[in-house]
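See structure below.
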Ligand SMILES: Cc1ncc(COP(=O)(O)O)c(C=O)c1O
């Protein structure tokens, strides 16, 4: 048991050093163990012996069986996903979060921690340019934040009809409710609609232009058609940083449409929300301040360990649409100032993830974080130039933020798949593979500000070598 006393903390510190030692491993983005060999290796991991074997042995096994065959997000060749290397202040604060084990559902389980999360959310709302009524809640990820946003939008649509959807379920009018987003929006929008009983068919995808950004003329056409057919747009979701192309939808213009149709305006800024930290990149998010809600993923371009996301809302009172009272946790008769965050969340017990975010922001400061983001945007742009200059490769769309999506015109879909799978199997590169409007593509996602232009040239060279080896 961790005890917060002199002896307990010394025991913890010694164990922490051993745990860190267990992370040592050969260089590379992953080992070259095949899936079958890995399965067999992990099968040797004893889950629960009758008698314990001691932490040093356990950590040694974790090191050789697990960490040695895990992916290394800090390796410059780990470029498939929005999967970041993590910052030291966040990682060490994770230990304190776990050791102190505050539970964010009720004030009596997390008094100071509740205040910290509230402070962080207020700061974030103000960073986004929202009014003082802005606040939020930490969630487990962008998916959870988007689901929460659309849950609020649905409850808000019902409330406008005088219906308490938490009590009586969906009203008959819900069959005509629609959620509008672009055809590049994250699949969690569809998942939310499905989970909320509206169905995936209630999500209407608006066409994007050649850059991958929501086409406003197409949005207008979609809205007109919808109204003609008796549909009611209850929410418009813009994406600030699409998953593959990193494109930011025209937020200001979309906000105008949302307001005109009295629809909830949600911005999924899981990817590019951090751009608000940079004076240079912030203008690309103009209009975000008009959102009813914004998804921010700290475990992407804020370099936090999983899990750390937030849903920020323009008006904190909107969380009342979610509130379910409970006798043991959130009675509503607590002393003044005791906030039970369970009332804003789809979770009950919840980690104090806000602490690691605050520790990171304080340690690095806004300028350093902004420069790291700018560096990555420039690096992706450089990768785009290297790809364009190569006779065998072609960009699928101009680089917009931190990704570079490309294909090889002479190569088939299977060739691209083989390139990605072979590099992964050999443990040489964790390369992204996707499809943009039916066109198969490979993808670099730059999350590591320590990666260099030489790394970029090496990665492009490795992809081309692999292509040449199979074609
Ligand atoms: C635009 C966007 N929104 C939401 C998500 C979901 O985030 P998470 O994986 O944290 O649930 C992603 C994930 O990549 C994303 O790219």
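The values are calculated or read from the model by the stated rules, or taken from the named source; none is laboratory data. Every value quoted in this text rests on a predicted model; they were computed, and no experiment measured them. All Cβ positions, even for glycine, are placed from backbone atoms using ideal geometry, and neighbour counts span all protein chains on display.
Before moving on, here are some points about what is shown:
- Looking only at segment 270-287, residues that are closer than 15 Å to residue 376 by Cβ, within 13 Å of the ligand (Cβ to nearest atom) and part of a loop (DSSP other than H, G, I, E, B) come to 2 in all.
- Of the numbered criteria (1) touching a helix residue (DSSP H, G or I) at 6+ places or on another chain (Cβ under 6 Å); (2) within 20 Å of residue 239 (Cβ to Cβ); (3) assigned to a helix (DSSP H, G or I), the one residue 181 fails is (3).
- Any hit, segment 288-307, residues being part of a helix (DSSP H, G or I), in contact with a strand residue (DSSP E or B) (Cβ under 8 Å, 6 or more places away or on another chain) and within 16 Å of the ligand (Cβ to nearest atom): yes
- Flag if residue 231 is on the phi > 0 side of the Ramachandran plot and either within 11 Å of the ligand (Cβ to nearest atom) or in contact with a helix residue (DSSP H, G or I) (Cβ under 6 Å, 6 or more places away or on another chain) (or both): no
- Scope segment 137-158; condition within 11 Å of the ligand (Cβ to nearest atom), assigned to a helix (DSSP H, G or I) and surrounded by fewer than 24 Cβ atoms within 10 Å (Cβ to Cβ); matching residues: 143, 144, 147
- Of all residues in segment 293-315, those satisfying the criterion of being closer than 17 Å to residue 133 by Cβ and either buried (at least 24 other Cβ atoms within 10 Å of the Cβ) or out of contact with any helix residue (DSSP H, G or I) (no Cβ under 8 Å at 6 or more places or on another chain) (or both) are 293, 294, 310, 311, 312, 313, 315.
- Complete set of residues in segment 159-195 that are surrounded by fewer than 18 Cβ atoms within 10 Å (Cβ to Cβ), out of contact with any strand residue (DSSP E or B) (no Cβ under 7 Å at 6 or more places or on another chain) and within 27 Å of residue 247 (Cβ to Cβ): 187, 191, 194, 195
- Options 90, 99; residue that is within 16 Å of the ligand (Cβ to nearest atom) and under 23 Å from residue 355 (Cβ atoms): 90
- Within segment 10-23, no residue that is at positive phi sits with its Cβ atom under 8 Å from a residue that is at pLDDT 95 or above and surrounded by 12 or more Cβ atoms within 10 Å (Cβ to Cβ) at 6+ positions apart or across chains.
- Within segment 343-359, being under 12 Å from residue 116 (Cβ atoms) and surrounded by fewer than 21 Cβ atoms within 10 Å (Cβ to Cβ) holds for one residue alone: 358.
- Residue in segment 66-88 that is in contact with a helix residue (DSSP H, G or I) (Cβ under 6 Å, 6 or more places away or on another chain), within 27 Å of residue 3 (Cα to Cα) and not assigned by TED's automatic domain parsing to the domain that holds residue 288 present: yes
- Checking each residue in segment 241-270 for being crowded, with 21+ Cβ neighbours inside 10 Å and touching a helix residue (DSSP H, G or I) at 6+ places or on another chain (Cβ under 6 Å) picks out 248, 251, 255, 264, 265, 266, 267, 268, 270.
Residues are listed down the side, and each one gets a yes or a no for (1) at pLDDT 95 or above; (2) under 19 Å from residue 263 (Cβ atoms):
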| residue | (1), (2) |
| --- | --- |
| 304 | yes, no |
| 309 | yes, no |
| 314 | yes, yes |
| 318 | yes, yes |
| 327 | no, no |
| 330 | no, no |
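- Just one residue in the set 170, 223 is more than 15 Å from the ligand (Cβ to nearest atom), in contact (Cβ under 8 Å) with a residue 12 or more places away in the chain, in a helix (DSSP H, G or I) and in the same structural domain as residue 252 (by TED's automatic domain parsing); that residue is 223.
- Segment 244-260, residues that are in contact with a strand residue (DSSP E or B) (Cβ under 8 Å, 6 or more places away or on another chain) and either more than 16 Å from the ligand (Cβ to nearest atom) or outside any strand (DSSP E or B) (or both): 244, 245, 246, 247, 249, 250, 251, 254, 255, 257, 258, 259
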